[in-house]
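We did not get these values from a lab; they are worked out from the coordinates using the rules stated. All values reported here derive from a predicted model rather than from experimental measurement. Ideal geometry is used to build each Cβ from the backbone, glycine not excepted, and the neighbour counts take in all protein chains shown.
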Amino acid sequence: MEQYCILGRIGEGAHGIVFKAKHVETGEIVALKKVALRRLEDGIPNQALREIKALQEIEDSQYVVQLKAVFPHGAGFVLAFEFMLSDLAEVVRHAQRPLAPAQVKSYLQMLLKGVAFCHANNIVHRDLKPANLLISASGQLKIADFGLARVFSPDGSRLYTHQVATRWYRAPELLYGARQYDQGVDLWAVGCILGELLNGSPLFPGENDIEQLCCVLRILGTPSPQVWPEITELPDYNKISFKEQAPVPLEEVLPDASPQALDLLGRFLLYPPRQRISASQVWNEVARTQELWRHLCLRRWSSCKASQMTLGTQTWKQYYLCRSELEFRMESGRPEKDFICKAIAGHKGEIDELAYISTNEYRFNGQEKSVVCTVSSDATVRAWDLHEAACAEGALYTLTVPPLQLLSRVSVFPSNRTSLLCSPDRQWVFASTQNSDLGPKVFHTLSLLCPSEDEPPVYTTLPVELTSRACWAPAEAARLTVMHRNDNGMQLVVTTYELEAKKTRNRVDILVQQIASFLLPDTMMPPQLMKSHGSQVILLVSGSELVLFTVHGLQLAAFQDHQRPITSMWVGQTRVITSSFDLSLRVYLWSKDNKLPVLRSCYHLLGGSHRWASGFTHVESDSMSIVGVEARNIGTSILRSYYFKVQRG
Ligand code: ADP
Ligand code: MG
């Protein structure tokens, strides 16, 4: 909070007070929403968690208020949003007469774009109303207050609370107590908002829930099972009955509105939720295509490497729904009630590095082994069987995570700065510690997965000290390059080994063969990143410079494209991408004119949020490659994806 100076109070809503504030250093004006935790033991309220989650997911839309940061404060926490001058409720209140048609159209367009975006991302806002539609100084409308938003699963198998949406904008199915609903509730609210813009005052201003239904009935007529078959299944259908009433034509309700506006209004204000026109008409079409789901999956989970293996028998849509459901449960669920989460028991150290050594990174069928390997500050390397299972229990899902099973454990490192790397074929796990004179270890993965009682896992210690970086050659099964100090500790050396597992009866021996080694030039600053390409090329990042060597030490190229130090590097089959504190991403292309691959500087991608880029994940196929960049900020983590067409020839 110290970084902000409070300028005044802007609003107060159901879940917290909102202040206007200025960032002390940057001068940026923001809106701070303080969310108090009434009782500490409650933990972060689901409501707030949903807000954070929903906003993070739709960070990219210009029609959704941007969440800049989240930080703890006192017994609660604070959400910092971009500051918005006004809201639509205020605009309507201060307008002398109903807004001009052009104004209504422009607000509606922005609202629909925002809503379509949310729905395309499987988010139902559930509380759309003029007070939650903020207007920027330049007149841009953005959706705010995601307190009630939730990620929904369109199969409709989950039960939700019906106490959502401020009464006047509440959809009829909610008024009849529906516990299963979808984006239709937002579309109803859009209709109410459009009506209010045309009318100059709320269309259905009910004073209590029963009266609310009366207001709707007075205009739309009494709903009958003929026009709305599902109504008979709604919980409160039989509890209330109304006398037959015919609908009133909308042109009588809003005599000044244009026929086009009324036609559109009538397509939102329909009893059957499924008949309401979708925020983006095309969305329903697109939603059926695999492409959208694939796109959503890759955007959300860089690590779902787009392989058929990840999917198993599932479609992208099933995968998306299954996984987002799981994540939603994990994040918003109450431990012991909604799910059981067992931590790694008996693990004293802090886990420094973690690597999946099963071929699939995530599994949802809960049947196969999913193994992770950890290196931790208690100086051990351990392999765990991570098993996830989601099973249906009545209508509610219960997620059970059984205790992780420790497969093996070896104490090898006394110090705690460690790294862990799997070989491309996952046959080997490299583990090392930076500040120790114990050499780095290479484990034979199979022996970590199937340990026998009396035999320790099979590993070997490389004959080098003070290793700082390592990488596996992507084009070779067992070629490992390490960067380390030479014997007197004065110079940096890059050494490449080849490993082989020799099986004799019931023993496995590891043979290590050094195939190349070279000293780095004295003039070079100690590299902070090292990666391999093919089987022969090593890429080193030293400060803001990218230098290429062969494994034998022949310098192939050096690039000085970045203004400031490079923070991460991704090396693929067709290109190399670097990110830097200068906020840009640089893209390089490999070409194969010679025997050795040649790298060409190609173009750069500018954008403020690459500042914290901390990781690249990728998918490469014959025709396209996708690179996800994870950008971190306080409390938030944003994933961007870039799609590249692979050039042939
Ligand atoms: P609640 O969930 O409590 O309704 P909101 O997020 O809707 O919280 O905020 C309450 C009020 O605070 C809004 O109606 C609006 O007037 C004001 N407000 C919220 N966010 C901002 C913002 N980013 N900029 C300016 N005012 C805001
Ligand atoms: Mg609000």
### Summary
Diffing the range 198-203: the Karplus 3J(HN,Hα) column from phi (6.51, -1.76, 1.60, θ = phi - 60°), in whole Hz with x for Gly and Pro, holds 6, 8, x, 8, x, 6
### Task
Based on the mean of other Cβ atoms within 10 Å per residue, sort peptides 476-487, 499-510 so the most packed one is first.
476-487, 499-510
### Summary
The percentage of Cα-Cα pairs in the range 212-267 separated by more than 19 Å is 37
### Query
In this model, which of 34/105; 20/105; 33/105; 531/592; 503/595 are farther than 26 Å apart at the alpha-carbon?
34/105; 20/105; 33/105; 503/595
### Query
Using modelled backbone amide H atoms (1.01 Å from N, in-plane), which distant-in-sequence or interchain residues come within less than 5 Å of residue 221's amide H?
248
### Query
Based on the Cα gyration tensor of the range 512-553, what are the three equivalent ellipsoid semi-axes, each the root of five times an eigenvalue, rounded to whole Å and given largest first?
19, 12, 8
## Note on the structure
Note on the range 160-273: contact order normalised by length, alpha-carbon pairs under 8 Å, 6 or more apart, percent, works out to 30
#### Entry: With eigenvalues of the C-alpha gyration tensor scaled by 5 and rooted, the range 436-553, Å
29, 15, 12
## Note on the structure
The ratio Rg/Rh over the Cα atoms of the range 489-600, Rh being the Kirkwood inverse mean 1/r radius, stands at 1.06
## Note on the structure
Quick calc: nm separation of the 7 Å Cα→Cβ label points for residue 514 and residue 96 -> 8.8
#### Entry: Full-stretch length increase - residue 524, residue 446 - with 0.36 nm per residue and alpha-carbon distance subtracted
24.2 nm
### Query
Can you tell which of 527, 460, 542 lies farthest toward the positive end of the dipole of the range 434-563, using +1 and -1 charges on the Cβ of basic and acidic side chains (Lys, Arg; Asp, Glu)?
460
